[in-house]
Amino acid sequence: MEYELLGWPPDGPKLRLDYERFSYAGKFVMTNTGKAVARSADGEIVAAVAFNEDRTDADTLWLRYVTVDRDRRGEGIGPILCRDVRDRARERGYERLRIAVNNPFAYEALYRAGFAYTGETTGIAELILEYPTPDDDTGWTDRDRYQAGLEEFRDRDLSDDETAFLDTRRDNEPPDRETRDE
């Protein structure tokens with residue numbers, strides 16, 4: 001797998017993804033976001049992430065959209081791609097990265113990339129995760145923080161797959177961080 005950063009905001013490239021294979025495909029044609037991709041050995045894009053700087057905090061970069069080819073989900077490609085963008089953003093001088101997630105699968109994937117739940121949600125009920133782990137006065141352990149986010153999802157109307165997924169995570173520690181196969 002090859003991970004490639006295509007450009008930084010605000011001058012990111014247009015990226016045309018097949019809407020039948022990739023969620024949020026239409027969001028990747030915007031040029032005001034940076035883009036990064038994961039490519040298979042034959043050069044085909046199998047995952048992408050779009051990101052931009054926070055409007056009020058130049059030290060914070062938001063991962064806006066993460067998508068993985070429907071046929072490649074669950075292989076760990078998304079967390080590794082997000083980790084790659086995270087590392088490059090930190091090298092570029094961003095102190096913090098944030099992302100809002102709307103389902104427990106994305107929540108778990110971002111935890112694997114080193115992000116942690118902030119205890120905040122957006123106006124549309126997405127959970128906000130941050131890297132590095134936010135400093136706060138919650139007194140949460142890593143496990144408490146992870147479980148607090150899962151609990152937010154448990155209180156929602158979920159699919160059977162999401163409910164089953166959450167059931168397997170009850171009382172667990174946060175997942176191990178993904179590492180790139182070298």
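The values are calculated or read from the model by the stated rules, or taken from the named source; none is laboratory data. For clarity, every value in this text was computed on a predicted model and none was experimentally measured. FYI the Cβ positions are ideal-geometry reconstructions off the backbone, even for glycines, and counts take in every protein chain you see. For the accessible areas, the whole protein counts, side chains as well, though only heavy atoms, and no ligand, DNA or RNA atoms are used. Shrake-Rupley method; radii C 1.70, N 1.55, O 1.52, S 1.80 Å.
Of note:
- Couplings for the stretch 79-96, taken from phi via the Karplus curve 6.51 cos²θ - 1.76 cosθ + 1.60 with θ = phi - 60°, read x, 5, 4, 5, 5, 5, 4, 4, 5, 5, 5, 5, 4, 7, x, 6, 7, 9 Hz in order; Gly and Pro are left as x.
- Label point distance in nm, TYR24-ARG39, each placed 7 Å from Cα along Cα→Cβ: 2.2 nm
- Theoretical FRET efficiency, 1/(1+(r/R0)^6), r = Cβ-Cβ of GLU151 and ARG55, R0 25 Å, to 0.05: 0.25
- The stretch 2-169 shape via C-alpha gyration tensor axes, a/c threshold 1.5: oblate
- Rounded to the nearest whole Hz, the Karplus-based 3J(HN,Hα) values (6.51 cos²θ - 1.76 cosθ + 1.60, θ = phi - 60°) of the stretch 12-23 follow the sequence x, x, 6, 10, 9, 10, 5, 5, 7, 9, 10, 5, with x at glycine and proline.
- Label-to-label distance, THR121 versus ARG73, with points set 7 angstrom from Cα along the beta-carbon direction: 2.1 nm.
- Probing with 1.4 Å while keeping every protein chain in the model, the per residue accessible area of the chain equals 53 Å².
- Summed residue charge, Cβ within 13 Å of PHE22's Cβ, Lys/Arg positive, Asp/Glu negative: +2
- Whole-percent carbon and sulfur share, accessible surface of the stretch 10-106, 1.4 Å: 42 percent
- Along each principal axis, taking the top coordinate minus the bottom one, the Cα set of the stretch 12-107 gives 36, 27, 26 Å in descending order.
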